[in-house]
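The values are calculated or read from the model by the stated rules, or taken from the named source; none is laboratory data. Model, not experiment: these values are computed from the prediction. Here the Cβ is made from the backbone with ideal geometry for all residues, glycine too, and neighbour counts use every protein chain on show.
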Amino acid sequence: MIDRVQGYFGFTRVPFGRNLAPSMLHQHHSHREAAARIAWCINNRAIGVVTGEVGSGKTVALKGAVASLDPARFTVIYQPNPEVGMRGLYDRIVTSLGGTPKFHLAALATQASAALAAEVTNGEGLRPS
């Protein structure tokens, strides 16, 4: 189906794909508001959670908000599946910051907290444990 649409309209790539540059996004009010809230979290070194219905633009807003960040200074931790629970979230934090997640939840929660604190205070990320 997509091949026929591409051929009919002469597209050289799939329109409305996931690989659109942030500058190609439609800047509607809800998108700008979500991006502004994410930017506020970044500027205030806060943890933010973006929620909404499937297809409402959460990932698109995040991509738009973080597109201009220096990847050497900022680590975006993206957890697309809300069903992983707290253990899954802690695991994602530790893994994204270069660590090996501990097995037990209490140790993992402490490890994730320490990793985030190290990122904020000195930018060194995880210390060997």
Can you tell me which of Gln27, Gln79 is within 11 Å of the chain's Cα centre (by Cα), without any contact (Cβ under 8 Å) to a residue 24 or more places away in the chain and either in a loop (DSSP other than H, G, I, E, B) or surrounded by fewer than 16 Cβ atoms within 10 Å (Cβ to Cβ) (or both)? Gln79
Report yes if some residue within the stretch 59-73 is at pLDDT 85 or above and either of a type outside the set (D, E, K, R) or surrounded by 11 or more Cβ atoms within 10 Å (Cβ to Cβ) (or both); otherwise report no. no
